[in-house]
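K.L.:
Mind looking over this structure? Questions follow.
The numbers here are math on the coordinates, done by the rules we state, and not lab data. The model shown is predicted, which means the values in this text are computed figures rather than measured ones. Every residue, glycine as well, gets a Cβ built from its backbone with ideal geometry; the counts of neighbours run over all protein chains shown.
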Amino acid sequence: TKDWNGIDQVVLRNPQGASARVSLHGGQVTSWRNEHGEELLFTSSKAIFKPPKAMRGGIPICFPQFGNCGSLEQHGFARNKIWAIDDSSPPLLPNDSDGKSFIDLLLKPSEEDLRCWPNSFEFRLRVSLATDGDLTLTSRIRNVNGKPFSFSFAYHTYLSVSDICEVRIEGLETVDYLDNLCRRERFTEQGDAITFETELDRVYVSSPNVIAVLDHEKKRTYVIRKEGLPDAVVWNPWEKKSKAMVDIGDEEYKQMICVDGAAIEKPVSLKPGEEWTGRLQLSVVPSSFCSEH
Ligand code: TA6
C-alpha cells in the first residue's frame, strides 16, 4: 500500500487477523493492530505527512543520535530517509521467522549522510508480527570496514492509551534517570510505579529489560521486552508542550505515552566489521486490576 505521500508501506498480517504497517519512509512502523483490528500505537490526528519529517506517532527510529545533543537534526536522520526493502539479508536467527510474517528493510548512508555523519554503516531492520500478535523490531547496525564510530539509538514508541492519568508504568522502580526537563540531571526513581500528572521526559538508564505499561480503562497491559537497549525513555508532553507542537492535537497527549527501548547514556561503539543488535518486542496482555490500583 502507499502511505501519506505515495511512499510504499508494507502490511504484515497474521492468520488471526492482527496486522502491522511499516513505511519505507524512515522504516517507521505506522500501525500495529490486534486481531480485533484495534490500533495499539498512537498516531496524532494532526500528524504531518510531509517528507522528510517523521509522522508523529507509530515507532520512529532515532539513529545515529537521540535528542539534539549532537551535530545532527533532532533524533538523527534515519527516520527522515527512504529505506529500501532488503531481500538479501540472511535470516537473523533461525527462530526469527518461525511462523512470523516479517519484512527486512535496509538503510545505507547517502553522499549527503556521509557529509554530515562520515561513517560507513549498514542498518538492517526486521519488523515481524508473530502468530500471537506480538510485534518485534530487530535492528542490526554494522560498521562496514570504516573507521570506528559511535551512535545513540531509540525505538521512539508511541503507545495508544485511553487516559494518561490512568496509566502506570511498572519495572522502572528505583532506577536512575536523566531528567530532560532539568538539564538531564540524574535522579533515582522513588515511586512504586510511574504515574502521570504533568509533563515527563526522562531517560531511565541501565533499566530492566521488561517494562509494563498498564492502561486502567482498557484493562490491558503493554509488555515491552528489550535486548541490547540498556535505557528506557519515558515521555509525555502534557498540555502546554502539546499546544506548542503543530502536529499533535491540544488534548491528544492524554491518549499517548512514549516508552522507548534505547541506548543513550552509553553510546554504542563499533570497530570496523563489528555489528550491534537492538531488539524490541511489544505484547499486549489483559491486566486484571486489583481494587487498590
Ligand atoms: O524524550 C523524548 C523527546 O526527546 C522529547 O524531548 C521530545 O522532543 C520528543 O522526543 C519528540 O521529539 P520529536 O523530534 O519527534 O518531536
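K.L.:
Arrange the peptides 69-79, 15-25 so that the one whose residues have, on average, the most other Cβ atoms within 10 Å appears first.
P.N.:
Numbers: 69-79: 18.1, 15-25: 20.5.
The peptides rank, most packed first, as 15-25, 69-79.
K.L.:
Using helices alone, I'd like the mean residue ellipticity at 222 nm for the chain: each DSSP H run of four-plus residues gives -39500 (n - 2.57), total over residue count, nearest 500. All intermediate terms of the calculation are to be shown ahead of the outcome.
P.N.:
Values: 2 runs with 12 residues, N = 293.
Here the helix-only value at 222 nm equals -1000 deg cm²/dmol.
K.L.:
Leaving out same-chain residues fewer than 8 places away, which lysines sit with a Cα under 21 Å from that of residue 254?
P.N.:
46, 218, 219, 240, 241, 243
K.L.:
Another one. Can you list the aspartates and glutamates whose alpha carbon sits under 18 Å from that of residue 53, skipping same-chain ones fewer than 8 residues off?
P.N.:
Cα-Cα hits under 18 Å: 3, 8, 73, 112, 113, 247.
K.L.:
What translational D, rounded to a whole number of µm²/s, comes out for region 1-128 from Stokes-Einstein when the hydrodynamic radius is the Kirkwood one over Cα pairs, at 4 °C and 1.567 mPa s? All intermediate terms of the calculation are to be shown ahead of the outcome.
P.N.:
Numbers: Rh = 15.6 Å.
Roughly 83 µm²/s, to the nearest whole number.
K.L.:
Take the alpha carbon atoms of region 74-214, find their radius of gyration, then divide it by 2.2 N^0.38 Å using N residues; give the quotient. Please list the in-between numbers first.
P.N.:
On the way: Rg = 18.5 Å, N = 141, 2.2 N^0.38 = 14.4 Å.
In units of the globular-protein estimate, region 74-214 measures up at 1.28.
K.L.:
A further question on this structure: Can you give me the Cα centroid spacing of region 233-252 and region 1-59 in angstrom?
P.N.:
20
K.L.:
Which whole-number percentage describes the relative contact order of region 9-291, with Cα contacts under 8 Å and a sequence gap of 6 or more? Display every interim value, and only then the final one.
P.N.:
Numbers: 742 pairs, mean separation 53.0, N = 283.
RCO, region 9-291: 19 percent.
K.L.:
Let me ask something else about it. For the modelled label position 7 Å from the Cα of residue 35 along Cα-to-Cβ, which residues of region 243-286 have backbone nitrogen atoms closer than 18 Å?
P.N.:
282-286
K.L.:
On to the next question. Which distance in nm do the two modelled labels at residue 197 and residue 8 give, with both placed 7 Å along the Cα-to-Cβ direction?
P.N.:
5.1
K.L.:
A further question follows. Order the peptides 55-68, 103-116 from the highest to the lowest mean number of other Cβ atoms within 10 Å of their residues.
P.N.:
Values: 55-68: 23.7, 103-116: 16.0.
Ranked by mean Cβ neighbours within 10 Å, highest first: 55-68, 103-116.
K.L.:
Compute the orientation-averaged projected area for region 9-291 from the convex hull of its Cα atoms and round it to one decimal in nm². Mind dumping the intermediate values first?
P.N.:
Values: hull surface 58.4 nm².
Spelled out: convex hull of the Cα atoms, projected over all directions, averaged, 14.6 nm².
K.L.:
Here's another thing I want to ask about it. Using Cα positions and a limit of under 19 Å, work out the lysines in reach of residue 50, with same-chain residues fewer than 8 apart set aside.
P.N.:
The reachable lysines, counting only those whose Cα sits under 19 Å from residue 50, are 2, 81.
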